[in-house]
Every structure is written in C-alpha cells, then in structure tokens.
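Visitor: Structure provided below as structure tokens; questions to follow.
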Amino acid sequence: MEESSSGSPEPAVTNGKTPHPAIKDVNILLDESEGVNSPSKDDDSLLHPGTLTSTSEEASRGEGAAEGVKEKRKSSGLFFRDGKCRIDYILVYRKSNPQTEKREVFERNIRAEGLQMEKESSLTNSDIIFLKLHAPWEVLCRYAELMNIRMPFRRKIYYLHRRYKFMSRMEKRISRFRGWLPRKPMKFDKDTLPDLEENDSYTAPFSQQRIHHFIINNKDTFFNNATRSRIVHHILQRIKYEEGKNKIGLNRLLTNSSYEAAFPLHEGSYRSKNSIRTHGAENHRHLLYECWAWWGVWYKYQPLDLIRRYFGEKIGLYFAWLGWYTGMLFPTAVVGLLVFLYGVFTLDSCQVSKEVCQATDIIMCPLCDKYCPYMRLSDSCVYAKVTHLFDNGATVFFAVFMAVWATVFLEFWKRRRAVLAYDWDLIDWAEEEEEIRPQFEAKYSKKERMNPISGKPEPYQAFTDKCSRLIVSASGIFFMILVVIAAVFGIVIYRVVTVSTFAAFDWALIRNNSQVATTGTAVCINFCIIMLLNVLYEKVALLLTNLEQPRTESEWENSFTLKMFLFQFVNLNSSTFYIAFFLGRFTGRPGAYLRLINRWKLEECHPSGCLIDLCMQMGIIMVLKQTWNNFMELGYPLIQNWWTRRKLRQEHGHKAKASFPQWEKDYNLQPMNAYGLFDEYLEMILQFGFTTIFVAAFPLAPVLALLNNIIEIRLDAYKFVTQWRRPLASRAKDIGIWYGILEGIGILSVITNAFVIAVTSDFIPRLVYAYKYGPCAGQGQAGEKCMVGYVNATLSIFQVSDFENRSEPRTDGTDMFGSPIKYCRYRDYREPPNSKQPYTYTLQFWHVLAARLAFIIVFEHLVFTIKNLISYLIPDLPKDLRDRMRREKYLIQEMMYEAELERLQKERNERKKNGKTHNNEWP
C-alpha cells in the first residue's frame, strides 16, 4: 500500500556493516574557500525547475519499464526530478528574505551531513522557493542507530494458552453459533487494511553491525515515510547556521523567518477516481480518508495502527484516547438516558409535582421588588414536572455510578495504553534528554554550570530568580481568576436587574415567564463573555509562561497547559458553581432581604427549586460551546483553504491546481496548530469535566458528549487528512499531563455531586420529611404516599404588612384574586408571623441541615472508598500482556543467539571453502 521510494545507490554490506559517509565532521561550518567552491543556494541560476544540487551525480541506467516508473514518480511530486530519490522533507523560504547568509551556511552543513538537496521555485509565486531534502540509505542507517529506532527483525511466534476441554467445546459451539450471525459492522474488512509488518514482528534497536538480523526485503521501504521524515528532522535540529554554540537548529531559523515553513509531504492525494474496493488504495493518505476520515464510516473502529504509521505515536495516542473515551461514554449515556426516562415514566405518580399542580389556593410571595406580582403555586406546575425529570430517586445512583465510572475509565485506559505501548514498541522507549529552549539559553547564557548527565556546561537559572518569576506568574493567575469572579458578579447583577424588567414587560409570554427569560438570556451573555475571555486568557497564559522561562519545551508545554486549563475551567464553570451552590441560598426572607450594595435584592430560586436553572445553564453552555468548537476546528481551515484555492483559480485557471506538484499542494494547506494537540485535548478534558462534575443535575450530559464525540472523531480525522499539512511524526508514551488533570477532575466530581444532591436538589428534604414528618414517620417507609403534604411543609407563611417599602408589590392582588392578599408563602423552614419568635428557623430546618451534612460525608467516603478499591483491584498491566512481554524477551534472546551462531557458521564454511582455516576456532 505504500509507494516505493528509492534513494541513492545502495552501499555494499560487508560482514553486516554499512560504510559511513566519507565526511567525518558533519557539523562544521565551512570556511571561505569551501564556500567559494560550493555554489550559493540562493543563486538564481539554480532555480530553474528541477536543478539537482546534490553532491552525488548518478546516471540513469533504467530502460523501458524503469523509465515509465520514473516518469510516474516525477509526476507524483513525491520524488526528485531523477525519479529515484524520495522527498523526505520540505523547507520553504522567500528569495526576498534578507537571511541569505544563514541559509547558505545551513544548507552547506546539510550537504555535509550526507543529505541530498534539490531546489524548485513555486509555480504560483516565483519569490517562493521549495528546498527538497532526501536522506540516502547510509544516512538513514547511521541516524536510526543513533536515535535507537526499533525495527522489525523476526516474525512473531503466536501461541495459545492452555485450554481445558470444557472451554474448548464451549468455544466451538459459540463459534458455530456465530456463523449464523451477521458480520460485525464496526470492524473493517481485513482485505482493506494493509498488513503492517512492524506489528507482526519482533523489533529491536537498529544496529548497522547486526543489520543481517533485520527483515530487509526492500531498502526503499524498510524505513517508512514517517520514520524517514523524523530522521531528517532530527538532523536539521542539530545543524549550525552561524558560528556560536547556540546558533543551531531548524526551529531557530523558523523563528527568525529565515524559512517560512518546514513539513513532510503527504503521500499523494486523498481522493481517487477508482473505488478502493475494486482498485485498492493509491496511498496511505487515500486509505486513511476512505477508512477513517470519510463520514460514511462514522460507526467503524479507528485504524489506529495505520494512524500511528502515518502521523506518529503522539497523534495515534490522542485518537486512541479519544476513541476509548467515546466508547466508554456509551454505558454512561445509556444509564443517563434511563435515569431521564425513569423521571418521565414516574412523572404522573410523583406526589410532589401533583401537589404543586393542584395548589391553586396557595399564593406565593413575589420573586422581585415592586414589579413582580403574587402568583399561585400551581402556575409553576410545568417547572415542577421538568425538575422531576432530572431530580428523582435515580439521581443519587447515577451520581455514584458516574464517580465510579470515572475511575474505571482511567484505570482501564492505563491498561489500554499499556497494550498500545507494547504493540507500538513504546515500552522500553525513553524520551531522550531534551534540548534547552533558545529563549532560556539567550537569557541565562552568561551563567553556566556543569550538567551532571551530559558533563557539559549549560545555562543555569538561579533559585531566587526562578522563585521570583513563579511568584509573579502565580499572582497573574490569581488576578485572572479575580477577573472571572468579577464577570460572574456582573452576570449576577444582570440577573437581579432584569428579573424586574421582564416582570414589567408588555408581552405576556415574557412577563409570565420572567424567571426563565432571565436565566436564558443570562446564560447566553455568559457564553459570549466566556468566548471573549478565552482569547484574553491565551495571551495571558503565553505571557506568564514565557515570563517563567521554562528550561525545556516539555516544561514550557506543561506550564502553559496547566494555566490554560485552569483559566478555561474556572471561566467555563464559575457561573455553574454560582447557580448550583449560591443562587437562592443567601437571599434572606421577605421583609428582611439581603441586598447587593444595599440596593439590589439577591435573586431567588423558582418556587419549584433551583435545579431547573442549573439544567438550563449546563445544557445551553454545553451545546453552544461544542457547536462553536466544531465550527472553529473545521470551519476555519475549510474557509482558509477555500479562499486559497479561489485565488489560485482566479490567477492560474481552474485546471492549474491538478498539475501542481505535491509540495505545492501541501504548502497551500493550513499548518497544524502552533500548540500541537493542545486545543484538541483541552476541548475534550473540559467536556469530561462537564460530563462528571455536575452530572447529578443534568443526566443527559453524557448523551450530548457521546453525540459530540462521534462527530468530533471524524471532524479531527478529516482535518488531519485533508485540511492540514502533514505533521511531523513524533513519539510519546502517554497523553502526558492531561492524565493528572483527568484524575483531579474525577476527585472534584465526587465532591461537587455530593453537594449538588445534598444542597441543590430536594432529595434530602424529601427523605427527612418522609421518615420524620410525613404520614409514614417512624414506619421506615419512603414511598410516594409518604410524601403527602410535603409541599405545604416546605413553605413558610409571611404577613404582607411586614414587607419593606422598596420591596412591596405595586398591586395588592385584588386584580388577580378578587381580594387583597394578607398572607403569602415562600420556600423556607421558618416560624409563622404569629408565633413567639416569628420568622426564626424551625426544628425541621436543623434536621434537614444535619441530614445534608451527614449525606455529604457518607457519600464522599463511600465513593472514595469504592474508587480506591477499584484502583487497587485493577492492575495497570494486563496479565496476558505481561506474559507476552516476558515470552518475547526470552524469544528475542534465543533468536539473537541463534542468528549469531548461524552467521559465525556461515563465515566458518566460507573460510573452509577458501582454504583459510585456523586452529582453536570457536565454536
């Protein structure tokens, strides 16, 4: 399935050793005399199409079919103009750029490394120059050994575990029964996907001395395209462009704009006129599009091995994690939907909503000052029924289920990651010591100390300097959190002010539903503020991270990730926390309201409770944010690429793009995000927080998350395959710092769900009433018949004459009820106005408060105990994988030993044939 690539003439292999290039010091700067002998890389005479600037000149010896293959390769845009050297990497620069001298030195040192080069000007802009790079076989071998790249050397020997006779008979019967069932629709046909040799072979770090051990059927395809690009990128990162120890590497040249872009090529077009079923895939990109990025295969498993082969382990692990997370959402979505349906089916038998709907004689106090009228409790019948859909007897079970699910998800992901790490040869892979960031070197180049690992001097940051920078950064983070709190405070003031405004609205629909209108508009405004602050947070996080001066790129990435997650998490969830735990909790009572700045009365909950506000907040924010993210992820690159194609059509005609070489097509695509997979992970982690933290208030959150993720996988796949340049295939062992963040969210979700059930919902007050104050008090029952009279028991009485002047309603209720209102009801546990201590808390209030605190403690301890027990019982490494790893280690040692004996035996036989025998020969 992979297009074959040919490099320079293959060197002869003698005794298993490949000769090194003639140049010894490959990282030196050429002096003036050498510079005269070498042609300048920016010389216009070299820019006619296809000029080969490589030091090796080869004559074409192919005839007939070979010439046809060369022509086909040249037209594909994946090879040099000789049709033999595969393009492994592309550098792009402009002739008008003044950094000519740096590029000349850099390119001379590229040739000194043994890489072959060819330049070509753009077909659309003569100022743009493409520098094509090819790594010959001997260079690939040398750096594969230096980089410890693992390559296949022997086919795996599969073995079956010992089975009992009973199990064997059962498996035969099951397999016979499966023959009558339809084929699994979610799996791909084996004929469609290629046979990836590295997954069926044992691998070992490549060694030129033991090259005869490795499976080399074709030197052109032994190193796949992703590995070749990674080796070339590794070389480019270590080449000097100026005199000086810090003047090194491609990244610095991209930073100072010496080069505009650097990227590996896609393997041709992702579309084909022929069907993949009849003619097969033309290349791996086409295969990925048909089997992964095409919308018609949304229900199928992801071809992870093919993704890893094309994009590298880091991107492969992201899609493996995203697929695992999406698959694990299925049971949560089913259970959440069942909890919702349980609320639907038990709606007619719910005693609380019945009493609310039948309470036509209960007059509720106004919800706001002046303009809000008196209302019957039965007017909130619809809201009471909607609240029951989310706040019912199954809510507690679902909260415990989700807390346990979060632990199971993380534990089984560790096992899944271990299997992938084994299959992808990441078990023994250790990240090489990272290079110091250029900014860190420039800042602290005057002060150095010896590196205990490498033994070389390196820039050193003093402890006091580091602490002072961290303190300033922490202060900036604290200030931005205060900005979020200020924004939430502004939303609170908006809600307080607009309740009265909507209550005085001329339109009856708005006037009668002022509470819902206030909540809905506040959520939409809050979403706009969230989106605006996210733009500000990214700039602040960049500023603070650069201020800290992290030493390496991974330290910079972890610091930036933590800040951005903290900012966005607080920004996204602050209003939700307010509604869940503060809305309606500190309003006071009629006649003695608590006010903001002694002016605005704090907002109260609806007579049916605050849970409906929390559901609206979560539902609207979750849907809007996911829709916006999906649009920005795919819509922005689509629009950018469409605009580029439109300009090319206007300038060069409709058929011009089809004749562009591959490097021209890829250059016109959008580059991958500057932060790599950061945006992809951040979106999913924030969604995971929404799915777990307040799931007790919104059981449909997993359903929305599942639907979004099914779309998200194909959106990301389509974007990677069709809209972005091919990213560099980089390696990684895990998802990094995101795993720790997921664990933190899992712990936080237990705490928040305990408080949502105890504080926000009416679960605890109902239990207390059923067992202590209802008709079944003292009988140990808590059915629906035990809830008779619950609504009346939760409402206190207020005498209208005790209203403050500024909160007294404009009407006395005569226009609505026919007579003036003397008493109204409100949600609280307080004494009536004619008691000895009017408006003080009743004993039932303290019973409910004690039950809430007890529930929080019991719930948290129970769930944390279950979570820790599950973490302990589920091993991080599956037993069969552990056995396979041990067996593989044993077999590798045996194979290496046998291969070495075989080689020595062959050498001995050859010496005997040539008459060169020696005494005391071993073995």
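Visitor: What's the number of the only condition in (1) surrounded by fewer than 18 Cβ atoms within 10 Å (Cβ to Cβ); (2) in a helix (DSSP H, G or I); (3) touching a Ser or Thr at 6+ places or on another chain (Cβ under 9 Å) that Tyr636 fails to meet?
Guide: Condition not satisfied by Tyr636: (3).
Visitor: Looking at (1) outside the structural domain of Val92 (by the TED database); (2) farther than 17 Å from Leu715 by Cα; (3) assigned to a loop (DSSP other than H, G, I, E, B), which one does Gln302 not meet, given that it meets all the others?
Guide: Single failed check for Gln302: (2).
Visitor: Counting only residues that are open to solvent by 40 Å² or more (accessible area, probe 1.4 Å), give me the helices (runs of 4 or more DSSP H) lying completely in the range 666-762 with at least 2 of them.
Guide: Because the criterion is at least 2 residues that are open to solvent by 40 Å² or more (accessible area, probe 1.4 Å), the helices (runs of 4 or more DSSP H) in the range 666-762 that meet it are 701-718, 737-755.
Visitor: Among the residues of the range 830-851, is any over 30 Å from Glu604 (Cβ atoms), of a type in the set (Val, Ile, Thr) and out of contact with any Asp or Glu (no Cβ under 8 Å at 6 or more places or on another chain)?
Guide: no
So that you can scan it fast, the table gives a plain yes or no per residue for (1) open to solvent by 20 Å² or more (accessible area, probe 1.4 Å); (2) touching a residue at least 24 places away in the same chain (Cβ under 8 Å); (3) not hydrophobic (A, V, I, L, M, F, W, C):
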residue: Gly312; (1), (2), (3): no, yes, yes
residue: Ala320; (1), (2), (3): no, yes, no
residue: Leu329; (1), (2), (3): no, yes, no
residue: Gly336; (1), (2), (3): no, yes, yes
residue: Val339; (1), (2), (3): no, yes, no
residue: Tyr342; (1), (2), (3): yes, yes, yes
residue: Cys350; (1), (2), (3): no, yes, no
residue: Ser353; (1), (2), (3): no, yes, yes
residue: Leu389; (1), (2), (3): yes, yes, no
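Visitor: May I ask you to verify whether Ile248 is modelled with pLDDT under 85 and within 16 Å of Glu113 (Cβ to Cβ)?
Guide: Yes.
Visitor: Going residue by residue through the range 867-881, is there one that turns out to be closer than 30 Å to Thr346 by Cβ, within 45 Å of the chain's Cα centre (by Cα), open to solvent by 40 Å² or more (accessible area, probe 1.4 Å) and in contact (Cβ under 8 Å) with a residue 40 or more places away in the chain?
Guide: For the range 867-881, residues closer than 30 Å to Thr346 by Cβ, within 45 Å of the chain's Cα centre (by Cα), open to solvent by 40 Å² or more (accessible area, probe 1.4 Å) and in contact (Cβ under 8 Å) with a residue 40 or more places away in the chain: absent.
Visitor: Take the residues in the range 290-299 that are assigned to a helix (DSSP H, G or I) and touching a Lys or Arg at 6+ places or on another chain (Cβ under 7 Å); name whichever of them is least open to solvent (accessible area, probe 1.4 Å).
Guide: Ala293
Visitor: Identify all residues within the range 533-554 that are acidic (Asp, Glu) and in contact (Cβ under 8 Å) with a residue 60 or more places away in the chain; write none if there are none.
Guide: Scanning the range 533-554 gives Glu548, Glu553.
Visitor: In the range 576-622, what residues are among the β-branched types (Val, Ile, Thr) and out of contact with any helix residue (DSSP H, G or I) (no Cβ under 7 Å at 6 or more places or on another chain)?
Guide: Thr587, Ile597 - these are the residues of the range 576-622 that are among the β-branched types (Val, Ile, Thr) and out of contact with any helix residue (DSSP H, G or I) (no Cβ under 7 Å at 6 or more places or on another chain).
Visitor: If you don't mind, another one. Could you tell me whether the range 807-816 includes any residue that is outside any loop (DSSP other than H, G, I, E, B), of a type outside the set (Val, Ile, Thr) and either buried (at least 17 other Cβ atoms within 10 Å of the Cβ) or touching a Gly at 6+ places or on another chain (Cβ under 8 Å) (or both)?
Guide: yes
Visitor: Here's another thing I want to ask about it. So which of Lys72, Lys119, Lys190, Lys172 is modelled with pLDDT of 80 or more, basic (Lys, Arg) and either within 30 Å of Arg887 (Cα to Cα) or not in a loop (DSSP other than H, G, I, E, B) (or both)?
Guide: Lys119
Visitor: Considering (1) surrounded by 15 or more Cβ atoms within 10 Å (Cβ to Cβ); (2) in contact (Cβ under 8 Å) with a residue 12 or more places away in the chain, say which one Pro838 fails and leave the rest.
Guide: All conditions pass for Pro838, except number (2).
Visitor: Starting from the range 92-107, take each residue that is farther than 10 Å from Ser258 by Cα and list its partners that are among the hydroxyl-bearing types (Ser, Thr, Tyr) and crowded, with 17+ Cβ neighbours inside 10 Å, counting only C-beta distances under 7 angstrom and pairs at least six apart or across chains.
Guide: Partner pairs satisfying both residue conditions: Val105/Tyr241; Phe106/Tyr241.
Visitor: Okay, moving on. Any residue that is assigned to a helix (DSSP H, G or I), open to solvent by 10 Å² or more (accessible area, probe 1.4 Å) and at pLDDT 85 or above - is there at least one of those in the range 363-377?
Guide: No, that holds for no residue.
Visitor: OK, next. Name the pairs: first residue in the range 137-152 and small (Gly, Ala, Ser), second residue open to solvent by less than 30 Å² (accessible area, probe 1.4 Å) and in a helix (DSSP H, G or I), Cβ to Cβ under 7 Å, at least 6 apart or on different chains?
Guide: Ala144/Ile231
Visitor: Sort out which residues of the range 857-866 are without any contact (Cβ under 8 Å) to a residue 12 or more places away in the chain and under 22 Å from Trp413 (Cβ atoms), and write them in order of number.
Guide: The one that is without any contact (Cβ under 8 Å) to a residue 12 or more places away in the chain and under 22 Å from Trp413 (Cβ atoms): Thr865.
The values are calculated or read from the model by the stated rules, or taken from the named source; none is laboratory data. Please read all numbers here as calculations on a predicted model, not as lab measurements. As a convention, Cβ positions derive from the backbone with ideal geometry for all residues, glycine included, and neighbour counts pool all protein chains shown. Remember, those area values only see protein heavy atoms, side chains included, never the ligands or the DNA or RNA. Shrake-Rupley method; radii C 1.70, N 1.55, O 1.52, S 1.80 Å.
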